[in-house]
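I have placed the structure first, in the form of structure tokens, so that the comments after it can refer back to it.
The values are calculated or read from the model by the stated rules, or taken from the named source; none is laboratory data. Keep in mind the model is a prediction, meaning the values are calculated, not measured. Ideal geometry is used to build each Cβ from the backbone, glycine not excepted, and the neighbour counts take in all protein chains shown.
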Amino acid sequence: MANKLTILGCGSAVPTINNNPSGQILEMCDKLFLIDCGEGVQNTMRQMMLRTARLYSVFISHLHGDHCFGLLGLISTWGMMNRTQDLHIYAHKDLEMLLKPLMEYHCHDLPYQVIFHAIDPKKKAVIFEDRTMTVSTIPLRHSVPTCGFLFEEKPRGRHIIREKMEEYHIPYSAVPALQAGENWTTEDGITVPNEELTLPAKKLFRYAYCSDTGYKPAIVPQIKGVDVLYHESTYLEELAESAKRYQHSTAKQAAKIARKAEVGQLIIGHFSARITEQHRFLEEAREVFENVVLAEDKMVLEFTQ
Ligand SMILES: [Zn+2]
Ligand SMILES: [Zn+2]
């Protein structure tokens, strides 16, 4: 199944006619993840008629309002829609302290559990793991503690050719050994080479979300070779001073990170309301890195492996 990214908002702090603040949904390994939840996220979800039954986890990069003001409304709405599945929120520890009193006032008697997981944005750590994938923090450079998130598929071993299993009457219990590359020996003592029974393992998908951040080449080793990088690009080079002052990046700096990290594709977003001609972000980034996509609200990107 293809991995899919839906951009719900790619503006910065001030909403504009075109852009809501940050929010996106990543569909990966048959799961949905909400990454940041600015104001307007639930409205966009509704307008796009997105199904969120499989959305169990929310990752919040930092506690600036444009990345978390949409959470309370979303939690309340899901309550009214009789959601029953637990909701896990991964964020800086202060989010629980800030949100709990508001939830007690506005969202008491929720039919589901909201479980907060405190993360340390300054440290690189695995914060989510299951059978198929992991999510790790990427420490970023910003005016408050901030981290990005790296979503990575876990190695799954070689791909079994089902017809060959039947042909050689190989039991299911032998699958792990075949996935690990071992040969098969038949009852007659004939060795069947692994290459005849399996195909090479599928390339593993990796997605990195990096917003908000000043230019930080130190993240390059961690995101090296990812298939897709979303990197903030709040300003253009002509406003590089503002980028430095507010710890944001220019389109050129985002592209430099993409080039250094040799990523497959770069998506730029978190555009300042001060720059209305958004094609200029794309032009500036393309001077440094060719495969760039300019994020748009309600954009859906599919990544086939
Ligand atoms: Zn922001
Ligand atoms: Zn911020």
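Observations on the model:
- The one condition in (1) within 16 Å of ligand 1 (Cβ to nearest atom); (2) in contact with a Cys (Cβ under 7 Å, 6 or more places away or on another chain) that residue 74 fails to fulfil: (1)
- Where strands (runs of 3 or more DSSP E) sit wholly within region 1-65, those with at least 1 residues that are surrounded by fewer than 16 Cβ atoms within 10 Å (Cβ to Cβ) and either within 16 Å of ligand 2 (Cβ to nearest atom) or not aromatic (Phe, Trp, Tyr) (or both) occupy 3-9.
- Condition check for residue 259: in contact (Cβ under 8 Å) with a residue 12 or more places away in the chain, part of a helix (DSSP H, G or I), more than 24 Å from residue 15 (Cβ to Cβ) and of a type in the set (D, E, K, R): yes
Okay, residues lined up against (1) touching a strand residue (DSSP E or B) at 6+ places or on another chain (Cβ under 6 Å); (2) within 16 Å of ligand 1 (Cβ to nearest atom):
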| position | (1), (2) |
| --- | --- |
| 20 | yes, yes |
| 28 | yes, no |
| 65 | no, yes |
| 89 | yes, no |
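- Filter result for residue 268 (closer than 25 Å to residue 4 by Cα, among the hydrophobic types (A, V, I, L, M, F, W, C), touching a Leu at 6+ places or on another chain (Cβ under 9 Å) and part of a helix (DSSP H, G or I)): no
- Whichever residue in region 266-298 is under 24 Å from residue 67 (Cβ atoms) and β-branched (Val, Ile, Thr) and, among such residues, is surrounded by the fewest Cβ atoms within 10 Å (Cβ to Cβ): 276
- When region 252-294 is limited to residues that are modelled with pLDDT under 95 and among the β-branched types (Val, Ile, Thr), the one that is nearest to ligand 1 (Cβ to nearest atom) turns out to be 275.
- Number of the condition not met by residue 109 [criteria: (1) acidic (Asp, Glu); (2) free of Cβ contacts under 8 Å to residues at least 60 places away in the same chain; (3) within 25 Å of residue 301 (Cβ to Cβ)]: (3)
- Candidate set from region 219-238 (those that are among the acidic types (Asp, Glu) and under 17 Å from the mean Cα position of the chain (by Cα)); member that is surrounded by the fewest Cβ atoms within 10 Å (Cβ to Cβ): 227
- Boolean, residue 41 is within 14 Å of ligand 1 (Cβ to nearest atom) and modelled with pLDDT of 95 or more: yes
- Pairs, first without any contact (Cβ under 8 Å) to a residue 24 or more places away in the chain and hydroxyl-bearing (Ser, Thr, Tyr) in region 268-282, second surrounded by 15 or more Cβ atoms within 10 Å (Cβ to Cβ) and assigned to a strand (DSSP E or B), C-beta under 8 Å, six or more apart: none
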